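Asks: To start, I am sharing the structure in question, which I have written as structure tokens.
Computed from the coordinates by the stated procedures, all read-outs in this text should not be read as laboratory data. Nothing here was measured: the structure is a model prediction, and the numbers come from that model. In this analysis, Cβ positions are derived from the backbone assuming ideal geometry, glycine residues included, and neighbour counts consider all displayed protein chains.
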Amino acid sequence: MNSTDRLKDYYSTRLQAMRSLFEIVEQSSEGTVIVDRDARIVWINERYARRFGLADPAEALGQPVEHVIPGSLLREVAHSGQPILLDMLDTPKEPLVVMRLPVHDEDGHSIGAIGFALFDELKRLSPLVCHYLSLQEELASARSLLQARQARYSFAQYIGTSAAVLEVKRRARRGAASEAPVLLLGETGTGKELLAHAIHAASPRAHQPFVSLNMAAIPENLLEAEFFGTAPGAFTGASRKARPGKFQIAQGGTLFLDEIGDMPLHLQGKLLRVLQEKEFEPVGSNEILCSNVRLIAATSCDLEEAVRQGKFRADLYYRLNVLPIRLPPLRERPEDLPALCEAILGQLGSDHRLSPAALALLARHDWPGNIRELRNLLERTILLGDGPYLDEAILATTLGPLPLPAPATVAAAVIGENYRQAMQRFERELLENALASAGNALEAARRLGLSRSTLYRRLAALGISSR
Ligand SMILES: Nc1ncnc2c1ncn2[C@@H]1O[C@H](COP(=O)(O)OP(=O)(O)OP(=O)(O)O)[C@@H](O)[C@H]1O
């Protein structure tokens with residue numbers, strides 16, 4: 001039988017493989033030892049014997065394995081017949097990585113065990129371990145970032161059954177199923193951000209990041225870097241690390257651009273390019289990155305008017321306006337007030353209900369801050385309400401007068417001022433009064449029923465400092 005024929009014989013191949021395996025591991029490892037069923041050493045190689053202080057391997061034969069190799073677990077393996085594939089063995093010199101295998105007879109009974117000390121230089125393992133640990137850390141932080149970037153709302157949280165709301169939901173569902181940009185139009189507090197989350201959550205991109213960027217909340221000179229990221233050293237010397245922009249962070253997912261009407265003109269051109277060519281360059285870099293991002297934009301301003309005034313690029317407007325959704329203000333859908341109040345009270349953990357007279361009072365209010373204002377109002381009112389009902393009297397107190405300018409100053413506006421100037425002065429006084437009485441911008445925004453970013457935007461437009 002030649003050697004190729006021998007390899008075709010299953011049993012002899014197996015035997016050859018076992019022999020080769022034993023020889024290779026025995027020669028390349030730090031040491032090998034074999035024990036019988038009673039854990040007495042029947043064979044040990046020279047290298048291993050020397051490591052444990054024996055000049056001649058023969059001195060170890062017949063000895064209980066633990067006498068020669070303290071801490072050995074070969075007795076356990078010989079007894080149980082179960083291997084311990086990878087373990088550490090402490091030795092006086094240095095720890096060893098060891099593998100312990102049972103030895104079986106032809107009937108499958110355990111008749112002993114064999115131990116290999118695979119290697120002793122654990123520091124050779126440390127780059128591997130460090131790499132593994134850093135991969136683990138990256139994975140954990142990517143997971144938690146992704147979690148933070150998941151949609152927080154679904155369509156079920158956009159409350160209302162009025163015809164206007166049903167139409168909003170119908171269009172938003174259509175938007176979720178398509179890849180086209182969605183443009184959300186509506187006054188402050190009408191739920192544009194909520195709906196953007198819901199569209200993302202119902203879209204095929206739901207498991208990818210949802211990233212939002214508010215144009216009004218970020219200084220103009222930083223916006224481009226926020227959008228497209230920066231190359232290493234783009235601003236302050238070459239050592240500074242690259243910083244990803246929102247387009248990179250949202251890759252594969254949805255980018256929500258809030259207050260898009262406040263986007264500076266030069267950036268509008270760059271955004272248009274990303275939408276058309278699906279690529280962009282980080283600030284300070286020549287590298288071109290591909291973008292796979294679905295865009296949802298929102299604004300509370302009149303974009304068509306902004307286009308007419310040359311403040312917003314017409315080509316970008318048409319590109320964004322593929323699926324416009326107009327969110328109705330609360331005063332146009334008073335029939336939704338009971339359901340909204342019930343849902344908001346539930347979210348606030350309150351089991352109060354509103355009396356019919358209280359609901360009628362709410363229906364007469366104008367709601368400039370829309371649902372955000374309603375939520376703030378209910379939050380304040382439940383602190384005062386005794387018993388199960390919030391009645392008209394309590395609501396009248398909390399609806400309270402806003403810090404309006406005195407009627408005399410409003411009347412004076414008629415003389416010598418045009419409509420726009422008078423409105424600006426009125427708004428300036430309203431905001432200044434609100435800031436003064438609230439003490440800070442956050443509280444002022446809350447009292448006025450505006451989002452903080454809308455308040456900041458209006459303050460900036462009127463040149464009022466928020467301090
Ligand atoms: N239809 C709705 N049902 C329930 N809650 C709503 C609804 N619309 C808005 N809200 C709530 O009102 C608050 C304001 O909503 P959101 O921030 O989405 O408004 P917005 O239009 O984006 O406001 P802004 O333009 O000021 O940023 C949030 O607490 C939101 O959960």
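Asks: GluC sites (Glu not before Pro) within the stretch 1-81: which are DSSP loop residues with at most 12 other Cβ atoms inside 10 Å?
Replies: Taking the stretch 1-81 and a limit of 12 other Cβ atoms within 10 Å, no loop GluC sites (Glu not before Pro) are found.
Asks: While we're looking at this one, here's another question. Any idea how far apart L222 and S162 come out in nm if each label point goes 7 Å out from Cα toward Cβ?
Replies: Once both label points are built, they end up 3.7 nm from each other.
Asks: Turning to a different aspect of this structure: How far apart, in nm, are the 7 Å Cα→Cβ label points at R152 and E427?
Replies: Modelled inter-label distance: 2.7 nm.
Asks: Would you compute, from DSSP H runs of 4+ residues alone, the mean residue ellipticity of the chain at 222 nm, taking -39500 (n - 2.57) per run and dividing by the full residue count, rounded to the nearest 500?
Replies: Helix-only estimate at 222 nm: -14000 deg cm²/dmol.
Asks: Count the lysine pairs in the chain that are 8 or more places apart or on different chains: how many have C-alpha atoms under 29 angstrom apart?
Replies: Count of close lysine pairs: 16.
Asks: As an exercise, identify the GluC sites (Glu not before Pro) in the stretch 220-322 lying in DSSP coil whose Cβ has no more than 16 other Cβ atoms within 10 Å.
Replies: Counting only loop positions with at most 16 other Cβ atoms within 10 Å, the GluC sites (Glu not before Pro) in the stretch 220-322 are E287.
Asks: Let me ask another. Report the gain in length on full extension from L348 to A180: 0.36 nm times residue separation, minus Cα-Cα distance, nm rounded to one decimal. Display every interim value, and only then the final one.
Replies: Details: separation 168, 0.36 × 168 = 60.48 nm, distance 3.54 nm.
That pair, L348 and A180, stretches by 56.9 nm at full extension.
Asks: Using the Kirkwood formula over every pair of different C-alpha atoms, what hydrodynamic radius in Å results for the chain?
Replies: About 29.1 Å, per the Kirkwood formula over Cα pairs.
Asks: GluC sites (Glu not before Pro), restricted to the stretch 155-219: which are DSSP loop and have at most 13 other Cβ atoms within 10 Å? Before the final figure, lay out the partial values.
Replies: Values: sites: E167, E179, E187, E193; in loops: E179, E187.
Qualifying residues, ordered by number: E179.
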